[in-house]
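Below you'll find the structure, written out as structure tokens, and then a few comments.
Read the figures in this text as sums done on the coordinates, not as results from a lab. None of these values were measured; they are calculated from a predicted model. Here the Cβ is made from the backbone with ideal geometry for all residues, glycine too, and neighbour counts use every protein chain on show.
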Amino acid sequence: MPTIKSCIIVGALLARPVAMPQSIRTHLIAALRSPLTPIWLVIFLLPFGRASEFGTLLCMLGAIILFVRDRRALTDHAGARLLLWLWAAYFLAALISAPGAVDPARSWNSVAAYLRFAPFGIYVCFAVRRESRLNALCLATGIVVALWALDAWMQALTGYSLGGHAEMQRISGIFGAGNLKLGPVLASLSPFVLWAARRRFGRTGLIAAMLFLLVPILLAGSRAAWVTYGVALLAFFWLEARTPWRFLAWILAACVVFALAMGVAWKTSSRFDARMDRTMVALHDSRHAINYAASGRLDIWRVTARMFAAHPVVGVGVRDFREAYPHYAPPNDHFVTEEACGVGEGACHPHQIVLEVAADTGVIGLLLWLAAVGWALRAWRSVGQDARRRALPVTVALAAMMFPLNTHLAFYSAWWGLLFWWLLALWCAALYADVPDDAPVKLPRVRMRNVADGA
């Protein structure tokens, strides 16, 4: 704990004007004034829990300024309208499930929290109306993710990182041993690093970036992250190959590299060795062995099926899975007796996107999500080749994050849901970021200049 004296000294130093080169000061002021800064802050603050909501708040304020300036702004932006349609499906699925929820208060609080994604997404769409701004934001995101991976490398080599000491079975990086999200986040945001490396250093840079991210994702120990990263790599393999035979050659080469990396990690990392020992139990070919290797997922999914059968129309209520779990699980269920999400609760969520939507929001929620996916695919196909090229890193990131043949974090949770909507908002913006860099744009007559107009 810092002493009072040390706090006074630090306060005095912060209060004293700090001399810095004029060029650095100019760039710093420009960055702070940029409408992209609030969007980037959401990613930059992700390792610090709900602190990332600060960026969301700034974006919401920017959206308010936008509509104060122009109440008909949505009529001129197809990307913002697309985002609102997608948000409506996500929100309505949660809203319809709330009245009959197992814990109505919790569901209604969650529904109210989802309102913030609409103004947040609108701000992103209007702030990223130029391709140069889109590229700058993607590059800044890639740099942050690369720094997280570098910190994870440090923890793998020394046992320590900015987030502290590593956990017994996996590295945790800047997220800390009490927040084991390093693997899923690195894997989901890896396309930004790969895109930036390919754009700056060509194919050599792309391969180097792939190898650079591979080790932290492996040692993070999340097998779902391995699948997510694999999906992202397959997309970039195809972009490089362009023909089936070359694509197959890329896959074979990747398999060799992956096997070598697995072998080295298995022999040199006690954490990876412990994780693989648990995974290899699945080869015993019994339900108990497979369930143990899958960290109890089979038990969770069996209870989820019972839950859905009992509440097929609107589900048990958004974010009420943990409350409903003990009512459908056997008395000796591991997630009721030993690994409950809270007192009197069960597993936190189904760990699978389709099962989460089905259990929480029922058939109506599933239909709304399917309609949203269909609408998004229709929009992606209707835009031109240039738009799809612009949106490449975000498209790959979303596809990898939502790949259905995998396990997932909760898309209706506050933290993972925010990352999901950050990507979705940026994707909608990227598809329609076609305003030329030299096009004149009116500036709003408000104190916070240049927000929400993409100038």
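Annotations for the structure displayed:
- Given R0 = 25 Å, the distance between the Cβ atoms of ARG246 and ILE290 translates into a calculated FRET efficiency of 0.10.
- Efficiency of FRET from Cβ geometry, ASN179 and LYS267, R₀ 25 Å, rounded to 0.05: 0.30
- Fully extending the segment from ALA112 to ALA305, taken as 0.36 nm per residue of separation minus the present Cα-Cα distance, adds 66.7 nm.
- Stretched out straight at 0.36 nm per residue, the stretch from LEU84 to ASN332 would grow longer than its current Cα-Cα span by 84.9 nm.
- Histogrammed with a bin width of 10 Å, the alpha carbon distances of region 201-254 distribute as 23, 52, 23, 1 percent, first bin at zero.
- Length added when fully stretched, VAL256-ARG33, from 0.36 nm per residue minus Cα-Cα: 75.6 nm
- Inter-label distance for VAL313 and ILE64, nm, one decimal - labels placed 7 Å from Cα along Cα-to-Cβ: 3.9
- For GLN352, residues with placed amide H under 5 Å, excluding near neighbours: HIS408
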